[in-house]
Structures are given as C-alpha cells and as structure tokens.
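The values are calculated or read from the model by the stated rules, or taken from the named source; none is laboratory data. Since the structure is predicted, the reported quantities are computational estimates derived from the model, not experimental observations. So basically every Cβ, Gly included, is an ideal-geometry build from the backbone, and we count neighbours across all protein chains shown.
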2 protein chains.
Amino acid sequence: MTFQAIESQSTAELLAEQIRDAILVGKLHPGDRLIEQELSESFKTSRGPIREAIRILATEGLVEHRKNRGAIVAAPNFDDVLEVYAMRMSMGSIAVTHASQLSLETELDVRKVTKKLEAMRTAVGGNANRMISLDLDFQSALIALGALPRITEMFEQTAVDIGVFVRFLGIKYDDSDHKELISRHEKLLKAIKEGNASQAIEIWNGHIQASVREFMKPFSEVEINELFERPLMNNLFEMEMKR
Amino acid sequence: MTFQAIESQSTAELLAEQIRDAILVGKLHPGDRLIEQELSESFKTSRGPIREAIRILATEGLVEHRKNRGAIVAAPNFDDVLEVYAMRMSMGSIAVTHASQLSLETELDVRKVTKKLEAMRTAVGGNANRMISLDLDFQSALIALGALPRITEMFEQTAVDIGVFVRFLGIKYDDSDHKELISRHEKLLKAIKEGNASQAIEIWNGHIQASVREFMKPFSEVEINELFERPLMNNLFEMEMKR
DNA sequence: GAATTGTAGATTGTTGACAATTTAGGAGTA
DNA sequence: TACTCCTAAATTGTCAACAATCTACAATTC
C-alpha cells in the first residue's frame, strides 16, 4: 500500500493562515497595523517567519505593505467585488470548457468535487459563512478540473478576496436558495462530465451572476440601479441589463 | 506643483529583478538551483533579502520552491503558453471593454500608452527580444487603462511568463510584420478612446491570436495540426479552427 | 549483488542583535 | 497661533550564527 505524501506547512505558511483567518473572522480590521515584533511575541516565534507570512498575505492582497512602514490590513470596496467576479466568470468559463473537453482522466479530481458537493448538501442550515466557504471550496475544486494551474491558482486567490468581501461588505446567505444552489451545481458537474461545454458555461455564468446579486442585497433599490450603471456590470450581466 | 512620489525599491526587489533578468537572458537555465548562500555571496548581501527575492520569484512562477530543498528555475511548456494567452485574451477583453466605457479621466495613462507605442515605432529593426519586450510594455500600459488593479497585476505577471516562453521555447520576431503590428495597436488605442468596445475587443483578440501563432512558428506542419487538436485552442481561435 | 540503513556534508529554516528609517511630538521662532 | 526644525521612540531592514533538514554515498545486511 502507498501513503499520500504528507507535507507539513512551513512556519510562515502556518502564520499566514492564522493571520488570514484573523482578518476573515474580523479580529483584524481594515487599516489595522501588523507589527512584526508584536506578532512574533504573541506567536512565540522570531520575526523572520512573520515577515514571510506578511509577504504572503501581501501578494494575496489581504494586507498592504508599505516600505519601511510595515503592513496594514487592506480595505475592499464594491468595485473590487465586480472585478473579482468578472475575473471568476471569464476564467471560470475557460476552465469549465477545458474540463469538458478533457477526457476525464481526472477521475480522482471528479471525486473531490463530488465530495465538496456532498459536504454542501449535508451542511444545510449551517451558518452563512460556513455555507459560503463550502460553496467556494466546491467552485475551486470544480475549476481545478480544468487542469490549468495558473487559472486554478487565481481562483484560490479570488476566493480569499471573496472571504474579505463577505466579512467587510456584509452578506447574508439565503437559506431558501440552498436547494436551488445545489441543484445548479449538480447540473454543472453533470454537463462537464458529459462534455457539454456550452451548457456548463451557461450554468457557470448564472452562478456568478447570482453571487454578485447576493452582494447587492444589502443595497437599496436606488443604489442597485446606480450599480447597474457601472461599466463592469456589462461584462457580468451582458444583455439582460435590467433586473 | 507636485512631484510623483519616488519609491526606491527594496533590496529584495532589486535582487529579484537581477535574478529574474538572469533567467530571462538565459544565464540561468530551467532546473538550475538557486542557493541562498551562493547568491548572498555574489550579491554581497545577507541571506535575508535573498530569501525574500526568491519568494517573490516563486509567486511569479519563475522558480519552484521546494520545502527545505531550495528553489530551482522552473521550466515552461507549450500548455503554459496556451493557458497564459487564454488568460490574456479574456482578461484583456474585460480590461479593454472597461477602458472603452470609462470616461477617459485617465488622460495621464493614455499618454503613457501613446509613449510606449512611440517607443515601438522608433525601435524598428532592433533585436527581436527588445521588440517583444516593448510590445509587452505597450500591452501592459494599455490594459492598465481599464483601471482594474487585479487584472492589471495579472498582466504584469503573465508578461513575465511570456518572457520565459520566449527565452526557453524560442521565438523569432518577424520584422516584416512590424508595421502591421503597430497599425493594429494604433487602431486598438483609437477604438478605446472612441469608446468602441466591440471593435477594440476584436482587434485585441486578433493580436493575441497572432502572438500565439508566433510561438507556433518553430513547429512543423504536422505538429501545428496536432496543436490545433488541443482543447485550449478552441478558446483562442474559436470558430476559425483551421489555419 | 541488491536493498536497506547509517552518516557526513550541504543547504535551508530560525533566531536575536544591531542598523537604518519613519513617525510623533515638543521646542523654538515669527 | 501656525510653522519649521529637531530629537526620541517605535518600527522595519539587515546581518551572522545556530538548528533542523535533506542529499548523496558509504557501510551493512540479506
């Protein structure tokens, strides 16, 4: 028998994870400073690994690194939401198409996606953040089917972004849509397995649009109409520019 | 009057630049090891900044970082070319569309693009690598007009990728196409300024396709036909799947 | 002889000390 | 008061030494 290689994370990665979670959970707020010595003391490590962790978070865009002045937690706005989802829509289309056209030697990966979907199914009624996180996991696994490393990587990245948006722009997961969400995901996976790329893309785009709409819910009628004036909304909602 | 803040690069960034150039220029080959101590000795610095530089290059994908085993220069293949250009095509479409729809308060940025174009014009007959690099500069500046930070950032990133491809997959810049290239760029910029998004996209996509074709030139007829079998080629050449 | 185990050398990971830079606030000046 | 200049504290940047880990190869076993 053969075991899967276990790869222990480096201290820096571990630290980055902890700090990232602290931001996503709201223990750290936009504008808060990350002071190397403070962190190294509370994590009981030296400043070296902390530095690396901060650099990791900086490339993720979670913190902003100013030369000689340290890092601060970054603050997102709605333009960021639109950009991130525009990226996810079109990159996702590529990945999903590619996955559809690949002869699924990716058997193992398909298993992973199914598993994520299962996790979502059993998690009905859980709290909103948990559901959102599971949904993002599913999407990441799905996109990974495309076997395009850079695009997959970019998805991981934008998933972190979305975590920040959820935290700082506020969003409530709508439980009533849960069933619909899962059935959409099922259809999407099915389309990919059957090699029906165009259908897969259609479902994918629909999902992205639904996600963006979630972010618009906290806004008023008037504000939403204003949002639809923004250029990027074209990319996301193409023809049907009216709700 | 007000001056633009001059921001001196950190040692690590400087080092990363040096090493990156060494890779792009071919002084370092895929598989070569980057040994921290060696580098720190030849750069006359300590290992700290070297470490950071290597981490930077690792996130750029130029080197591969193996835990406890150091970093090696990464090796690209044609799949990478296809993925990178697929990303540039669709991300570029978003940026170009967005730029077209923006009321050009981006006056300053437009100036920058024009300048890059001018640089290309005056550089006729220069060596191939120089032309390619100028072309990439132009494209980056153009995409920056979209004012979408993540997409702009991604373009910088994939430009580095392309540098690696050019170096290690070989490509010869075709001087005879030079005029056509520049006139295409002019039309593209003009379309954006006039807010003609659909035309801009069309030109953009054409340019991407032309770039990919450049990378296919070293291949034989038979090999090229094989390339067109690859799923990703659909995204790049859509309908016209025959040369 | 092939496979396994042990070991020395090379290399990365971590640490605490010191240097350089930035920031904030007070003293001095008009 | 408003402004500039200066200084001290806070903080990041750099360094060299030490610890942990990996690689290659020799020694050992079957």
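Values for this structure:
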{"item": "Selection within region B:195-224 - small (Gly, Ala, Ser) and on the phi < 0 side of the Ramachandran plot", "result": "B:ALA197, B:SER198, B:ALA200, B:GLY206, B:ALA210, B:SER211, B:SER220"}
{"item": "Yes/no for B:ALA86 being in contact (Cβ under 8 Å) with a residue 40 or more places away in the chain, among the small types (Gly, Ala, Ser) and touching a strand residue (DSSP E or B) at 6+ places or on another chain (Cβ under 6 Å)", "result": "no"}
{"item": "Residue within region B:39-47 that is in contact with a helix residue (DSSP H, G or I) (Cβ under 6 Å, 6 or more places away or on another chain), within 11 Å of another protein chain (Cβ to nearest Cβ) and within 16 Å of DNA strand D (Cβ to nearest atom) present", "result": "yes"}
{"item": "Filter pass, A:ARG51 being among the basic types (Lys, Arg), on the phi < 0 side of the Ramachandran plot and within 11 Å of chain B (Cβ to nearest Cβ)", "result": "yes"}
{"item": "Residues of region A:106-146 that turn out to be closer than 28 Å to B:THR158 by Cα and modelled with pLDDT under 90, as a count", "result": "2"}
{"item": "Residues of region A:100-159 that turn out to be of a type in the set (S, T, N, Q), within 14 Å of chain B (Cβ to nearest Cβ) and part of a helix (DSSP H, G or I), as a count", "result": "5"}
{"item": "Residue among A:ALA74, A:ALA22 that alone is of a type in the set (A, V, I, L, M, F, W, C), away from DNA strand D (no atom under 13 Å from the Cβ) and touching an Asp or Glu at 6+ places or on another chain (Cβ under 8 Å)", "result": "A:ALA74"}
{"item": "Residue count, region A:173-196 (criterion: surrounded by 12 or more Cβ atoms within 10 Å (Cβ to Cβ) and modelled with pLDDT under 85)", "result": "5"}
{"item": "Of the criteria (1) in contact with a Lys or Arg (Cβ under 7 Å, 6 or more places away or on another chain); (2) within 16 Å of DNA strand C (Cβ to nearest atom); (3) within 14 Å of chain A (Cβ to nearest Cβ), which one B:ILE72 fails", "result": "(3)"}
{"item": "Subset of region B:15-53 that is in a helix (DSSP H, G or I) and more than 16 Å from DNA strand C (Cβ to nearest atom) - its residue that is nearest to B:ALA75 (Cα to Cα)", "result": "B:LEU24"}
{"item": "Residues located in region A:54-69, provided they are touching a residue at least 12 places away in the same chain (Cβ under 8 Å) and either more than 11 Å from every other protein chain (Cβ to nearest Cβ) or touching a Ser or Thr at 6+ places or on another chain (Cβ under 6 Å) (or both)", "result": "A:LEU57, A:LEU62, A:VAL63"}
